[in-house]
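Scroll down for the structure; my scribbles are underneath it.
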Amino acid sequence: MSREFLLPDLGEGLTEAEIVAWLVAPGDTIVIDQAVVEVESAKSIVELPSPYGGVVASLFGEPGQVIHAGQVLLTVTDAGAAPDVLGVPVDAATAVSQSEGSGAVLVGYGTTESTRPARKVAAGRFGTPRAADAPAPPAPTPPVAPARAERPAEVAASVSTTIDSSGTVDPARRSPVVSPIVRRLARENGFDASMLAGSGPNALVLRSDVEDHIRALTAPTVVVAPPPSAAPTAPDDASADIRIPITGLRKVVSQRLTTSRREIPEATIWLDVDATALFAARDQLLKATGERFSVTALIARFVVAGLREFPVLNSSVDTASKEILQHGAVNLGIAAQTSRGLMVPVIHGAHTMSTRQLRDSLATLVAQSPDGTFSPSALTGGTFTLNNFGSLGVDGSAAIINHPEAAILGIGRMIERPWVVDHELAVRTVVELSMVFDHRVCDGGTAAGFLTYVARCIENPVSLLADL
């Protein structure tokens with residue numbers, strides 16, 4: 001009997017996802033809750049486990065293709081009724097009854113109470129079949145999983161049979177590509193990374209392989225004059241327009257920022273602050289505790305304290321009920337520039353944390369920022385956003401509020417500037433704070449009170465002791 005595995009509801013209102021990589025191939029025997037496909041939603045990249053066990057009959061969709069909730073991902077047949085596509089008898093012990101239950105991981109399917117079995121690696125992702133085992137090109141047979149990893153010499157023989165005019169890309173080649181970043185980089189430059197001959201283990205395509213090919217595509221070519229009888233070739237149009245689809249994370253960011261601009265009557269205020277004492281306090285903490293505290297972590301501590309003094313800024317507007325919803329918990333969002341784009345992971349319950357706990361939570365987010373591997377739960381529930389755009393080399397910005405929040409605070413560059421101290425000119429470390437707030441929630445006096453509170457804490461960190 002054949003059963004269809006449909007793309008489930010991914011939660012958070014997400015209705016579509018992009019196939020990143022298949023973890024199984026037709027003919028593979030799988031068990032319940034075995035990861036079968038890696039997909040990228042607007043929130044994160046996740047592996048989806050199959051709610052059925054048996055033999056994979058067919059796959060629907062190619063890497064890079066966008067699918068919608070309810071569409072068929074793959075079909076599974078009973079192990080006993082499946083044809084012997086692997087050339088070995090099917091082990092009946094691996095067949096799992098359809099009546100076996102599965103707990104909830106995503107809406108509609110999940111895991112059993114037993115330990116999840118080791119994932120069966122698909123040949124198309126981490127390796128290629130041996131030349132002797134590979135099916136002939138004309139035969140429309142499904143891909144066969146290799147019995148062992150092939151040797152580099154065999155890889156070289158299998159991937160260099162045919163090449164196109166570029167000398168690198170072979171449409172018939174299927175090299176393994178693990179990294180979604182590498183796959184996306186190739187796709188954005190008009191080719192499939194799996195068509196390259198990878199330089200990694202087992203012909204794995206690395207980012208350097210894709211970048212080398214991109215450089216080869218963009219490098220100036222030597223033009224050879226055609227013979228007189230040949231027709232002239234039109235030069236490439238370097239001024240041609242390029243269309244970039246707005247999908248995935250960029251689509252969600254566009255929708256949220258558009259909603260923010262459309263619904264929120266925002267106002268911006270800013271203030272230059274002498275941060276010299278903040279750096280001195282950071283050094284004193286290191287000397288007293290032996291632990292390092294980043295400047296951003298200390299400012300985050302001041303922000304949380306400021307939101308307890310001015311709680312209306314820790315709010316959102318319920319347009320349906322025409323009410324201001326003032327949140328009891330401070331869930332501090334940290335704007336982060338990742339390889340996937342701008343994301344705002346959230347430190348939940350920041351108001352209950354000590355400075356040390358807040359520092360550690362912030363360090364965890366920073367470690368995940370380069371590749372944007374945040375869980376969906378880490379990207380929801382924020383009540384106020386802190387944006388350190390000084391790391392981008394700018395002093396200030398009229399930022400867009402992270403809807404449905406009511407305010408966002410920006411930290412600019414911290415640089416030495418001439419500053420008047422006790423009626424004398426001195427060189428001090430100065431930072432510009434810029435704040436954007438929802439004018440429906442409060443007026444300028446409240447926003448200015450919050451901003452100057454944070455500024456006083458930066459200029460004199462000891463002053464915060466009075467509020468602890």
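The values are calculated or read from the model by the stated rules, or taken from the named source; none is laboratory data. This is a predicted model, so every value here is computed, not measured. Neighbour counts are summed over all protein chains in view; Cβ atoms, including those assigned to glycine, are modelled from backbone coordinates with ideal geometry.
Quick notes on this one:
- Scanning segment 263-301 for residues that are over 34 Å from the mean Cα position of the chain (by Cα) and in contact (Cβ under 8 Å) with a residue 60 or more places away in the chain yields D274, T276, A277, A281.
- Qualifying residues in segment 28-49 (those that are in a loop (DSSP other than H, G, I, E, B) and touching an Asp or Glu at 6+ places or on another chain (Cβ under 7 Å)) - the one nearest to T75 (Cα to Cα): I32
- D318 being in contact with a strand residue (DSSP E or B) (Cβ under 7 Å, 6 or more places away or on another chain) and without any contact (Cβ under 8 Å) to a residue 12 or more places away in the chain: yes
- Residues located in segment 180-207, provided they are in contact with a Ser or Thr (Cβ under 8 Å, 6 or more places away or on another chain) and surrounded by fewer than 19 Cβ atoms within 10 Å (Cβ to Cβ): I181, S199, N202, L206, R207
- Test: residue in segment 367-380 that is surrounded by 16 or more Cβ atoms within 10 Å (Cβ to Cβ) and closer than 19 Å to L298 by Cα: no
- Residues of segment 205-246 that turn out to be modelled with pLDDT under 80 and either part of a loop (DSSP other than H, G, I, E, B) or small (G, A, S) (or both), as a count: 21
- The set of residues in segment 302-315 being part of a helix (DSSP H, G or I) and either of a type outside the set (V, I, T) or within 31 Å of the chain's Cα centre (by Cα) (or both) consists of F302, V303, V304, A305, G306, L307, R308, E309, P311, L313.
- Taking segment 422-468 as the range and being closer than 23 Å to P404 by Cβ and of a type in the set (K, R) as the test, only R440 passes.
- Taken together, the residues in segment 430-445 that are farther than 20 Å from S260 by Cβ and not charged (D, E, K, R) amount to 4.
- Of the residues making up segment 321-352, those that are of a type outside the set (G, A, S), free of Cβ contacts under 8 Å to residues at least 12 places away in the same chain and in a loop (DSSP other than H, G, I, E, B) number 1.
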